[in-house]
Structure formats: C-alpha cells, structure tokens
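Taken together, the values in this text are just the output of simple stated rules run on the coordinates, not laboratory data. Treat the numbers as computed from the prediction; the structure is a model and nothing was measured. With ideal geometry, Cβ positions are generated from the backbone for all residues, glycine too; neighbour counts draw on all protein chains shown.
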C-alpha cells in the first residue's frame, strides 16, 4: 500500500508511473470508505485525484504554494501532505476539517470555504514573493463553476497584467454544484470541443498564456503539462478537463446529487440517514412557490449556484421553467438583478444560505435598500443549527442586515407564520423583505398568525404575565416557551413575546412592560454583538428596567457540537432560568 507511507509530497516524487496509478486508486478507495461513513464533499474530490497527485509530483510544496479555490477538492491534497491517517482510519476521521486549514499543515495557506477566491489570494502571494525577492511557484487551483464569481473574473483580469510566475489551474468538469450557468461556459465548451484550439479563448483574451489538457484524469499527461509551466516567468492558465465523481458510477451519473453526501451504503448509494416523513423548509418552500408561479407569471425564484437551498431540484427547475433563474456562483449579481426585476414589475424571490448572503452586503444596501426595491430574500441556515464549519457559519445575519435602512427582516416562529410572512413579502411592493427561515426544524403551531405585516415593528404578546418578560426571536421562540414553563414551576408567571421583526422595536409594548415587569429577557439564535437583543437593551438604557440578552458570542467556532455550544453560550432553558432567578431574587 502506498498511501499509508505518504508522509509528505516528497514521497510522491519517488513513485513511478504504475505506482502513481496504484496510489490514485488507493486514494479513491480511502475517500469512498470515509465518505460512506462520515459524509462530505464527494464529486469534487473524486475528480481531482490525479491532478492533485501530479501537482505534488511536479511542484515543491510548501515552497511552491498551491492555493485551492473553495477547497471542496482539498481532501486529496491533505492525503499527500501528511494527513493520510485522517482518511485511512475511522477513529481519526475528525482530525482534519473539510477545507484547507493552515492550523493543520504548512502546506495549507488559507482557511477557505467560499468560492472564486483562489486566484485573488494566490496573486497576492505571488506579488509578495516578488517584492521580497524570493523564488518559487505560486499555483491557484480553481474549478469551472467558480469562474462565474465576480472575484474570480476580477482576479483573472488582474493576472493578465501580472509580471512574474503565476500559474492558474482551471479544473473544468462542466459542473458547478449543479449545472453551470453563464456565457463563459459556452467558451469553455468551445475550448473542450476544439482541444483548446478555438480562436475564441477567454483566458487569452485576458492576456494569459494557455495550455490545454484534454485528459485531466491522466496522471502522466498532467505531469507533462505541469512540468512545462513550472518556473514560468509569466502568468499562465493550465486548463484541465476532469470528470466529477470519477471512480464511483453513481456519482458519475448523478453529479449534482453527489457533489456532497451524507453517510451512505457503499453498495446501493442509499443515504444512511432516514429523512422519510421529515418535513423540511426547502421542500415546503418550493411546493409553495411552484403553486404561486402557476397563478402569477411575474414571480421568479433566483439562486446563485445553490438551487437545492429552497428545493429547486432538477425536476422542480423544469417545472418552474423561465420563472427560475440560476445565475451561477454570482451572489452580487443575483441581488442586483433581483432589484432590477422588482423595479420593473417582477416579484423576485432570492433563496440563499446565510453564509453566502454575506457576499451581497453592498448590493443589498446600495442596489436594493437605497432604491427600496421589493425584493424577497429567503435566508436559510441562519442558525446555530445550520452548517458549523468555520467557513460556512450563518449566525451573523442579524447584525449584518437588520440594521440596513428600509429592509424589513422577519423572523417566523413556526411554519404557519413563515408562509404568512412569505406571502406578504412577495405580494407587497413597499419594502425589501427578508424572511429568516427557522433553523430548529419545522415547528407547527395553532397560535393565531397575522397575515399583514405592513405595520412595521409591531411585536406580538402571546402570553401576558408579570415581573419577567421573555422576548424570543424567530427560531429561539421554542426556547422561550421552555423558559416560561420552568419559570411557572417556581411561581413566576412570565410574559412571552414574539417580536416578529428583527429590524426594529415596538416602543409602545416595551414601555407598557414597565408597569408590572422588572426584567426583560431577549433570546435569539444568532450573534449577540449588534444583534436583536442589543436593540432592546439600548431602548431601556435610560430606564430602570433590567435587561438580560441571550445569544451567541462573537467568534468563529469550528465544527462544534450544537448542544455543547449552546451550553457554552448559556443558551439552555435551565441556564437562562438560573440567571433570571439571580437577577430578580
């Protein structure tokens, strides 16, 4: 076995042609076993096995610096840079993250999880190298799906003027997470069909030298190409054509579904986690939108490369037809385009993960909110229960967007309230509206739900009590209910408030609490700094009312256990009740 003996890239260089082929199979075998047990990014890594071997065979990491875009394909790199045990032995699977990570190895230079960044980051490293009079190759690895991102195009444009060694490996598998979208992919198709020789060439047009490798899963051909550009004194693109998911038939035939996987059965490919009968907001949302689209042709669903975030599988995209738009990995464009649609009579609904909403701050503020365009944002995984890799945290959305003027950020507490808010958001034309999808699962409620939210920042008092008022926002509402029950057990008949809005406060209701309350407690599923609770604290700053804010501390947690993290942040019903008792005793 070769893989278990690889402790550093130098070990790869000692292998011959057939040995390298055996190594590639061992890497796929290790990936298949680990991902079937642990889950993770499947297709990108299976397609990049040979290219990663060839990169480390030719270049001299870490002196030669290899920067992986999004790092969905970095598992193979980790195997060859001293971290093979984390893929060979089940007890060590969690020793490494799913992304490049400088804390793990000197061969990783950035913690990366968002797309379209590698060319920019690598160009900076190349510039610093030259300023310091150093030598060595700088290699940016970027997938074709990431090329649609504005940052990638800006970086390629800059690279065309760069004076020095800079190598850009474009891994073209004719796929993003789903299918690619955008005009540049027409040119990539032309390049593939002409063996890289067609007159129209995106990369040459930007001033870059160009090498084409049609067989991007052939180690020897890749080695020859990389040896040909090593120590180049000018910027150059090596365009390699690979197959996403290569080596596992199901992944080859269903590339979108196998971009990322849960633990699965090796023989059948069936997911080991049974989701049958479990409601999800993505399925509920797409069914709702498809029905509305049938009745109103002005409604359009928008995604930036992640259609499944709100249930638009390939089948559902076909049903929606022209009323669904995937702009590719181009979040900024998605938001600005949505503003244009809204201004010209459309009803755009942009479904997005909270972590990717971060990339659109300027467009939300400038293109949407200053212009008061009635765009509907549906924000998923904005929760401690969402993705927990440090690069994909969704817990910063409230401080980020709730303080932008004109934006209305609604926080539903149940599925019934969610659809009431979504309906209002789509049909009104006075405000940009974001709806924060609860992250704690689909919770049904028989509580009365308002259908009109045009009276902004009007809170809802669901239970009237005294002494203590619990203001529980959105997905934290059920935690607020738990606190109310526990307080009742110790003789405190507390008030429970659903604030509904994350973007403002109900001054009238907050003033009324002063008549028979001595403590107001806020609970939110997000970061406290700049968050919802601080709005309440600021309101009561010159009053006698005591306020306690419960939420998450400002930090970058990585791969946390939710239960433990909530305890660490004092976000359990028991802890909140204990703090309340200490204040009012």
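For this structure, a couple of remarks:
- The chain: radius of gyration and largest Cα-Cα distance (Dmax), Å: 26.0, 82
- Separation of the residue 296 and residue 254 label points, Cα + 7 Å toward Cβ, nm: 3.4 nm
- Ratio Rg/Rh, restricted to the stretch 1-63 and using Cα atoms, in which Rh is the Kirkwood radius: 0.98
- Descending Cα extents along the principal axes, the stretch 315-422, whole Å: 36, 36, 30
- Each peptide in 275-281, 433-439, 28-34 receives the mean, over its residues, of other Cβ atoms within 10 Å, and ordering these scores from highest gives 433-439, 28-34, 275-281.
- Every helix of 4 or more DSSP H residues in the chain counts as -39500 (n - 2.57), and over all residues that averages to -10000 deg cm²/dmol at 222 nm.
- Shape analysis of the stretch 372-519 yields a ratio of the Cα radius of gyration to the Kirkwood radius, Rg/Rh, of 0.98.
- Cα point-scatterer Debye curve for the stretch 270-310, base-10 log of I(q)/I(0) at q = 0.19, 0.20, 0.23, 0.25 Å⁻¹: -0.69, -0.74, -0.86, -0.93
- In this simple spin-label model, placing a label point 7 Å from the Cα along the Cα-to-Cβ direction at both residue 5 and residue 464 gives a separation of 8.0 nm.
- Euclidean distance between Cα centres, the stretch 184-231 to the stretch 118-141, Å: 21 Å
- Computed on the stretch 46-93, the Cα convex hull volume stands at 81 Å³ per residue.
- Over the stretch 442-534, equivalent-ellipsoid semi-axes from the Cα gyration tensor in Å: 19, 16, 15
- Between 0 and 90°, nearest 10: helix 49-58 axis offset from the chain longest Cα axis: 60 degrees
- Peptides ranked, highest mean first, by Cβ atoms within 10 Å: ranges 201-208, 454-461: 201-208, 454-461
- Chain lengthening between residue 570 and residue 444 when straightened (0.36 nm per residue, less Cα-Cα): 42.8 nm
- Förster radius 60 Å - calculated FRET efficiency between residue 128 and residue 406 (Cβ-Cβ, nearest 0.05): 0.90
- From the largest down, the stretch 427-486 spans 42, 27, 19 angstrom on the principal axes of its Cα atoms.
- Sorted peptide list for 72-82, 284-294, criterion being average Cβ within 10 angstrom, highest first: 72-82, 284-294
- Quarter the surface of the alpha carbon convex hull of the stretch 277-342 and you get the mean projected area, 4.6 square nanometres.
- Proxy reagent accessibility, fewest Cβ within 10 Å first, across 258, 424: 424, 258
- Binned Cα-Cα distances of the stretch 97-242, short to long, each 10 Å bin given as a whole percent: 11, 41, 38, 9, 0
- Taking all pairs of distinct alpha-carbon atoms in the stretch 460-584, Kirkwood radius in angstrom: 14.6 Å
- Net lengthening on full extension, residue 389/residue 197 (0.36 nm per residue, minus Cα-Cα): 65.0 nm
- The chain: angle of helix 17-38 to the longest principal axis, Cα-based, in degrees nearest 10: 10 degrees
- The stretch 73-126: Rg to Rh, with Rh as the Kirkwood radius over Cα pairs: 1.01
- Computed P(r) (all Cα pairs; the stretch 3-261; 10 Å bins; percent): 7, 33, 39, 18, 2, 0
- Look at 103, 172, 462 and count the other Cβ atoms within 10 Å of each Cβ; fewest to most, that gives 103, 462, 172.
- The distance between label points at residue 214 and residue 361 comes to 4.7 nm (points 7 Å beyond Cα on the Cα→Cβ vector).
- Cα long-axis angle, helix 477-489 against the chain (0 to 90 degrees, to the nearest 10): 40 degrees
- Footprinting exposure proxy ranking of 415, 238, fewest other C-beta atoms within 10 angstrom first, gives 415, 238.
- Annotation: Cα Rg of the stretch 194-241 relative to the compact-globule expectation 2.2 N^0.38 Å equals 1.15.
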